[in-house]
Amino acid sequence: MQNVRKGEELNEKTLKVFLQKEGLINSEKSDWKVTQFTHGYSNLTYLLQIEDKEYVLRRPPFGAVKRGHDMGREFRVQSGVYSAFPKVPKMYAFTEDESVLGCQFYVMEKVEGIILNVKEAKKRNIQASDFNTIASSWLDTFVELHNVDYKSVGLESLGKPEGYVERQVLNWGKQYLAAATDDVPAAQKVMQWMEENQPKEYNHSLVHNDFKYDNVVFKDDSWKEVTAVLDWEMATLGDPLMDLGTSLGYWTMASDHPFVQQGIPSPTIMDGNPKRSEIVELYAQKSGRAVNHLVFYYAFGLFKIAVIAQQIYYRYNKGLTTDPRFAQLNKAAELLCNLALQAIQKQKID
């Protein structure tokens, strides 16, 4: 947590009126404290402390296109999935009325527990033996999410799982080209290879699309239970192995390039974590799904993360955001494209 970054403040007057109207506070005159969650690179997340209550508010980043930051969709997914998969925060209020904050946003429960980013893992001095439990609990939750009967919770209109892989390859390629600022030969090669080597048949499930250690909340430091999954902005219906591929892209290891470890900081680099190939074996074992076309899914995951990094850098380069963390993201995007090409050439993910 940190103080709110300059230029990312919330309008106190209009937001308090909204909170009172929604029955979340008693008086718009109540004192409050607002801080900002720091680990995310996309949607902005704030902690509101008011009248002995704590709420979390999510809004799009400043200068972002609306299509990629649909707060209403994120609110609806979590509201819908709760009955079958209660490992989500409770949703309290959503509005598209831009007179409140100048954008759509929603307010939800603050879930108590541990969010395991690098800083938290170092502070807790987690032992290697604990990472077996952490990885297992994380994977159990991933499999549980993929097993949700999305039709039974009214989310069948969330996406079109048929043709999902083809659309993803096409759309992420288009998004990369739209945000490109540098000439990256590896990006073109990876896009062409994915187009020619994508699987044609696959399972359909609810997919989260950003499932990593710091997007889940562990109940306590026994690490045996995940109480909530966060950041559902990219959730849809599609191929669960595409979801796994993205998670593998975020699963940095101590043997990876130092710039990767810096660019995608993750506790997965610490002793005791399974290798990427071991994560795949565990996922297959826990889910009962065969994981074919593994290099495709991993390369796609790396490329997708590269595109996200490049899009953020594009906004930074245009002066639409001033967050200094974004200044080198074009280099991170280039490196991720090179890693995807390397995985393709070597046919290996470790």
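Specify the residue that is surrounded by the most Cβ atoms within 10 Å (Cβ to Cβ); the eligible residues are those in the stretch 108-119 that are at pLDDT 95 or above and outside any loop (DSSP other than H, G, I, E, B).
By that ranking, first place goes to Met108.
Among the candidates Tyr202, Tyr164, Tyr213, single out the residue that is crowded, with 17+ Cβ neighbours inside 10 Å and in contact with a Gly (Cβ under 7 Å, 6 or more places away or on another chain). Reasoning before the result, please.
On the way: Tyr202 fails: in contact with a Gly (Cβ under 7 Å, 6 or more places away or on another chain); Tyr213 fails: in contact with a Gly (Cβ under 7 Å, 6 or more places away or on another chain).
Of Tyr202, Tyr164, Tyr213, the one residue that is crowded, with 17+ Cβ neighbours inside 10 Å and in contact with a Gly (Cβ under 7 Å, 6 or more places away or on another chain) is Tyr164.
Which of the residues belonging to the stretch 1-13 are assigned to a loop (DSSP other than H, G, I, E, B) and open to solvent by 50 Å² or more (accessible area, probe 1.4 Å)?
Met1, Lys6, Glu9, Asn11
Among (1) under 24 Å from Trp172 (Cβ atoms); (2) under 17 Å from the mean Cα position of the chain (by Cα), where does Pro267 come up short?
(1)
Would you mention how many residues in the stretch 129-156 are closer than 21 Å to Val229 by Cα, hydroxyl-bearing (Ser, Thr, Tyr) and open to solvent by 50 Å² or more (accessible area, probe 1.4 Å)?
Within the stretch 129-156, residues that are closer than 21 Å to Val229 by Cα, hydroxyl-bearing (Ser, Thr, Tyr) and open to solvent by 50 Å² or more (accessible area, probe 1.4 Å) number 1.
Tell me yes or no: at least one residue of the stretch 157-168 is over 16 Å from Pro240 (Cβ atoms) and touching a residue at least 60 places away in the same chain (Cβ under 8 Å).
No, that holds for no residue.
Are there any strands (runs of 3 or more DSSP E) wholly within the stretch 167-248 with 1 or more residues that are at pLDDT 95 or above and aromatic (Phe, Trp, Tyr), and if so which? Walk me through how you get there before you give the answer.
Numbers: elements: 205-207, 216-218, 226-229, 236-238.
Counting at least 1 such residues, we get 216-218.
Report those helices (runs of 4 or more DSSP H) wholly inside the stretch 252-350 carrying at least 2 residues which are open to solvent by less than 30 Å² (accessible area, probe 1.4 Å) and either in contact with a His (Cβ under 6 Å, 6 or more places away or on another chain) or at pLDDT 95 or above (or both). Let's see the steps before the verdict.
Details: elements: 258-263, 276-287, 294-317, 329-346.
So the answer is 276-287, 294-317, 329-346.
The values are calculated or read from the model by the stated rules, or taken from the named source; none is laboratory data. Keep in mind the model is a prediction, meaning the values are calculated, not measured. Every residue, glycine as well, gets a Cβ built from its backbone with ideal geometry; the counts of neighbours run over all protein chains shown. Accessible surface is based on the protein model in full, side chains and every heavy atom, while ligands, DNA and RNA are left aside. Shrake-Rupley method; radii C 1.70, N 1.55, O 1.52, S 1.80 Å.
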